[in-house]
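Take a look at the structure below.
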Amino acid sequence: MATEDQIREALGDVLVPQVALSLTDLNLVRGVEVTDSSVKVSLASTALNPDVKEWIEATARSTVERVSEAKQVEVEFVEATPQELNSIGKSVAVMSGKGGVGKSLIASLLAISLNRQGKRVGILDADITGPSIPKMFGTLGHPAGSETGILPVQSKSGVEIMSINLLLPKEDDAVIWRGPLIAKAIQQFWQDVLWGNLDALLVDLPPGTADAPLTVMQSIPLSGVVIALTPQDLTAMVVRKAVHMAQQMKIPVLGIVENMSYFVVPDTGKRIEIFGKSRGAEMAESAGAPLLGQIPLDPELAKLCDEGAIERYSSEAFDGLSRAFAEALSQARD
């Protein structure tokens with residue numbers, strides 16, 4: 001007769017249709033009881049429609065019968081909310097004082113860096129009126145789920161993504177909502193999405209310090225924030241506002257990332273600061289946080305984002321950012 005641990009390990013091979021995530025990934029296994037001749041398995045029914053539940057029940061039963069050799073196997077479903085099931089190690093918001101600095105790009109690169117390190121990662125796209133995460137990852141289709149929860153969409157490399165653009169009939173449909181509706185949508189992405197077991201969740205915040213960022217900081221237990229900026233004088237001023245907001249909300253600033261920091265001339269290798277002298281080190285000192293990285297203006301990165309293939313990006317600057325962020329995240333609070 002198999003042990004409880006052996007049965008749980010076997011159930012980890014049962015994939016939930018439409019998302020290619022296992023029962024273990026989604027934390028749906030709620031209990032396993034083993035006696036001399038029988039096994040009882042309790043699974044959460046969260047975000048599973050009737051057809052999927054029927055398939056999972058049959059597959060789980062046959063899997064347990066095969067590994068346990070039990071005379072009787074019972075599979076039951078129990079109710080649970082997504083928040084009861086979600087187990088997220090670190091939650092990090094990427095924010096900026098203004099739009100157009102590449103905040104969504106940085107959130108995506110940070111998620112990709114953790115994914116390449118073997119971590120299970122999700123991105124919550126809280127930029128409701130300007131969502132761009134699905135486009136950069138090339139994610140298609142609508143999220144699966146039921147009235148009890150929503151399942152995130154997986155990218156090609158396995159990053160879990162939830163964005164308002166995945167719920168719209170057309171990706172270029174405008175979301176014309178007032179602040180309270182936007183705040184409600186962000187709360188629902190946190191409360192109603194079944195993320196399961198994640199090592200880290202990256203939250204791509206809308207720009208500024210108004211309703212939407214405030215909702216995230218009040219609703220989601222953040223381990224810290226990463227501040228995105230570009231070298232211009234105006235950006236430096238509004239970055240200080242973002243830093244002050246995080247400090248007032250008592251959320252640690254894990255680091256600063258400067259985007260569009262420079263351009264490397266292909267033929268000569270000369271480095272040109274197109275938007276002016278770098279302010280990354282200055283802003284990091286002001287925030288009392290490390291400068292995690294400086295992302296150049298890279299035509300290859302822009303091309304990959306347009307093609308929905310950002311996960312293929314690689315560069316020395318990206319590798320440096322990956323190492324620095326991993327170090328900062330390891331020291332962040334849970």
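The values are calculated or read from the model by the stated rules, or taken from the named source; none is laboratory data. All figures in this text were calculated on a predicted structure; none of them were measured in a lab. Using ideal geometry, Cβ is built from the backbone for each residue, glycine included, and neighbour counts are taken over all protein chains shown.
All of Ala70, Ala58 fail the test of being more than 30 Å from Asp319 (Cβ to Cβ) and in contact with a Ser or Thr (Cβ under 7 Å, 6 or more places away or on another chain), apart from Ala70.
Of all the listed residues (Leu85, Leu105), the sole one being buried (at least 21 other Cβ atoms within 10 Å of the Cβ), aliphatic (A, V, I, L, M) and under 18 Å from the mean Cα position of the chain (by Cα) is Leu105. With respect to being under 22 Å from the mean Cα position of the chain (by Cα), surrounded by fewer than 18 Cβ atoms within 10 Å (Cβ to Cβ) and within 30 Å of Asn259 (Cα to Cα), Gly12 falls outside the description. Is there a residue being among the β-branched types (Val, Ile, Thr) and part of a helix (DSSP H, G or I) anywhere in segment 213-230? Yes, segment 213-230 contains at least one residue that is among the β-branched types (Val, Ile, Thr) and part of a helix (DSSP H, G or I). Only one of the numbered conditions (1) surrounded by 22 or more Cβ atoms within 10 Å (Cβ to Cβ); (2) at pLDDT below 85 is not met by Arg240, and that is (1).
Just one of (1) farther than 19 Å from Ser96 by Cα; (2) among the β-branched types (Val, Ile, Thr); (3) in contact with a Ser or Thr (Cβ under 7 Å, 6 or more places away or on another chain) fails for Ile274. It is (3). The single condition among (1) within 24 Å of Ala183 (Cβ to Cβ); (2) of a type in the set (A, V, I, L, M, F, W, C); (3) within 11 Å of the chain's Cα centre (by Cα) that Ile150 does not meet is (3). Of all residues in segment 241-284 being more than 22 Å from the chain's Cα centre (by Cα) and of a type in the set (Gly, Ala, Ser), which is nearest to Gln218 (Cα to Cα)? Result: Ala284. The single residue among Ile256, Ile220 that is touching a residue at least 60 places away in the same chain (Cβ under 8 Å) and not small (Gly, Ala, Ser) turns out to be Ile220. Taking first residues from segment 65-84 that are within 11 Å of Ser45 (Cβ to Cβ) and outside the structural domain of Ala47 (by TED's automatic domain parsing) and partners that are modelled with pLDDT under 95 and surrounded by 12 or more Cβ atoms within 10 Å (Cβ to Cβ), no Cβ contact under 6 Å between residues at least 6 apart in sequence or on separate chains turns up. Kindly check whether there is at least one residue in segment 211-229 that is in contact with a Phe, Trp or Tyr (Cβ under 8 Å, 6 or more places away or on another chain), of a type in the set (Ser, Thr, Tyr) and at pLDDT below 90. Yes; the residues of segment 211-229 include at least one that is in contact with a Phe, Trp or Tyr (Cβ under 8 Å, 6 or more places away or on another chain), of a type in the set (Ser, Thr, Tyr) and at pLDDT below 90. For segment 4-30, a residue qualifies if it is part of a helix (DSSP H, G or I) and either free of Cβ contacts under 8 Å to residues at least 60 places away in the same chain or of a type in the set (Asp, Glu) (or both), and the qualifying residues are Glu4, Asp5, Arg8, Glu9, Ala10, Leu11.
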